[in-house]
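The values are calculated or read from the model by the stated rules, or taken from the named source; none is laboratory data. Predicted model only: the values in this text are computed from it and were never measured. Cβ placement follows ideal geometry from the backbone for every residue including glycine, while neighbour counts extend to all protein chains displayed. The accessibility values were calculated without ligands, DNA or RNA, using every heavy atom of the protein model including side chains. Shrake-Rupley method; radii C 1.70, N 1.55, O 1.52, S 1.80 Å.
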Amino acid sequence: MLSASNNHVAAGIGQCLQAWMLTTTRPGTAPIILSFGNRTMALGRRRMAGMTGRNAFIYVKSKLGLLNATTPLHLQALFHGPAEEEERYMEIDLEAWEELVPHILKLRIMT
């Protein structure tokens, strides 16, 4: 591994490359796109990351006027993945919300 080299210049270059890789693979502060029916909304990633999963779901439902919905609602997410992979939404474990939020591209509510 280059960053573990005894050569200080090589080790510095290796550390810079590792830092660059981390910054380019993380989603950063891009908004999370929320959709429900024909409505689309951008949500702040930091705001969503600061909530628990249950609070985030309530927040999302309130933004769309669905707090009093009588049908069961499910929150699904599209995650970052290889570009050649087909888009696939999956239901979220709300207990693992804080862990999952940095990797979410889009959210949708399903009935």
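Odds and ends about this structure:
- The lone exception for Ala42 - which of (1) of a type in the set (A, V, I, L, M, F, W, C); (2) surrounded by 11 or more Cβ atoms within 10 Å (Cβ to Cβ); (3) closer than 12 Å to Leu107 by Cα it fails: (2)
- Flag if Glu95 is open to solvent by 90 Å² or more (accessible area, probe 1.4 Å), more than 13 Å from the chain's Cα centre (by Cα) and within 19 Å of Asn38 (Cα to Cα): no
- Residue satisfying all of: in the stretch 98-111; part of a helix (DSSP H, G or I) and in contact (Cβ under 8 Å) with a residue 40 or more places away in the chain; farthest from the chain's Cα centre (by Cα) among these: Glu98
- Among residues of the stretch 31-84, those that are aromatic (Phe, Trp, Tyr) and assigned to a strand (DSSP E or B), counted: 2
- Cross-chain or 6+ apart pairs with Cβ under 6 Å, the stretch 50-75 first and within 22 Å of Asn38 (Cβ to Cβ), then among the aliphatic types (A, V, I, L, M) and loosely packed, with under 14 Cβ neighbours inside 10 Å: Lys61/Leu67; His74/Met110
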